[in-house]
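Inspection log for the structure reproduced underneath, given as structure tokens.
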Amino acid sequence: MRGHLILIEGLDRSGKTTQTQILHNAIPSSSLIKFPDRSTNIGTIINQYLTDHNFSLSDQAAHLLFSANRWELAASIEDQLQAGHTVIMDRYIYSGIAYSLAKSETSSSPEMASVEWLYAPDRGLPKPDVTIFLTLDIAEMAARKSWGEERYEQTKFQEVVKRCFLKVLDPHADPSVVIVDVNKLGIDEVASKIWTVVEERQLHQQTEVPLARLS
Ligand code: T5A
């Protein structure tokens with residue numbers, strides 16, 4: 001028996017931190033992991049990249065660092081799942097693909113336009129049992145607290161990121177994907193929508209189904 005791997009993805013300020021914390025409080029002995037994990041060696045570089053506009057990295061290097069950051073925690077995620085704990089994640093590979101793919105509209109690097117290239121470094125990582133994508137209008141997002149401080153928090157770019165997320169997260173192609181529209185919903189209303197998904201799929205309980213990998 002193992003625990004389930006629950007992923008909450010979404011645009012900047014869509015409420016992922018708030019909602020993963022609520023879920024963590026609701027599921028006993030669950031653990032919470034946020035990507036990027038800015039506390040590791042690689043995460044320190046990522047943090048500088050996101051917060052210091054004078055710190056430059058090639059698009060390819062930035063993409064690979066976000067993936068390396070996930071690999072830094074992969075063994076620990078797997079250990080926790082195998083020990084029977086539910087693991088709740090705030091962002092993961094789909095953020096990696098969507099933000100890099102969005103750069104292809106302004107970047108001359110052909111790699112940024114190739115989903116295959118962007119996906120490749122994450123192959124082999126644990127696959128979430130569910131991916132809940134929180135989507136909202138860009139205007140509502142930009143009105144939220146502290147908007148605009150980090151590198152990617154620009155309304156035009158976020159429009160493109162939203163399109164890219166919806167390109168890679170298709171509930172018809174992958175039934176583990178759930179899209180939750182959080183426009184005009186308060187924190188408790190969003191939490192209740194997420195909890196409905198968790199209960200319906202029994203994600204707060206352990207399972208005998210072997211852990212899948214991103215392939
Ligand atoms: N990135 C990330 C990549 O490019 N590649 C990758 O592989 C990965 C993993 C940082 C950046 O890194 C990029 C994407 C990002 O641009 P981050 O640290 O997750 O990633 O940054 P944010 O998404 O900006 O994280 P935030 O913590 O700022 O936003 P959250 O978690 O979505 O939102 P949250 O919960 O902190 O809420 C933001 C505000 O809104 C309020 C909250 O109280 C808070 O003030 N709020 C609501 N207000 C009204 N109604 C609701 N329903 C609300 N829910 C929350």
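The values are calculated or read from the model by the stated rules, or taken from the named source; none is laboratory data. These numbers were taken from a predicted model, which means no experiment stands behind them. Note that each Cβ is placed from the backbone with ideal geometry, even for glycine, and that neighbours are counted across all protein chains shown. For accessibility, only protein heavy atoms count, side chains too; no ligands or nucleic acids. Shrake-Rupley method; radii C 1.70, N 1.55, O 1.52, S 1.80 Å.
In table form, for the structure just shown:
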| read-out | value |
| --- | --- |
| Loop trypsin sites (Lys or Arg not before Pro), the range 87-149, which have at most 13 other Cβ atoms in a 10 Å radius of their Cβ (DSSP) | R123, R144, K145 |
| Isotropically averaged projected area of the chain, using the convex hull of Cα atoms (one quarter of hull area), nm² | 11.3 nm² |
| Solvent accessible area, Å² - E149, 1.4 Å probe, full protein context | 120 Å² |
| The range 5-209, accessible surface, carbon-and-sulfur percent (1.4 angstrom probe) | 52 percent |
| Two-decimal Rg/Rh across the range 136-215, once Rg and the Kirkwood Rh are taken from alpha-carbon atoms | 1.04 |
| Pairwise Cα inverse-distance average, inverted: Kirkwood Rh of the range 1-123 (Å) | 15.4 Å |
| Sequence ranges 129-141, 52-64, 75-87, ranked by mean other-Cβ count within 10 angstrom, highest first | 129-141, 75-87, 52-64 |
| For a label point 7 Å along the Cα-to-beta-carbon line of T51, residues of the range 133-171 with backbone N under 20 Å | 145-154 |
| Phi-based couplings in Hz for the range 42-58 (Karplus 6.51, -1.76, 1.60; Gly and Pro marked x) | 5, x, 5, 5, 4, 4, 5, 4, 6, 9, 10, 5, 8, 8, 10, 9, 5 |
| Mean accessible surface per residue for the range 93-215, computed with a 1.4 Å probe while every protein chain stays in place, in Å² | 51 Å² |
| Relative contact order of the chain, defined on C-alpha pairs under 8 angstrom at six or more residues apart (%) | 34 percent |
| Per-selection Kirkwood Rh - the range 36-78 (Cα, Å, 1 d.p.) | 10.6 Å |
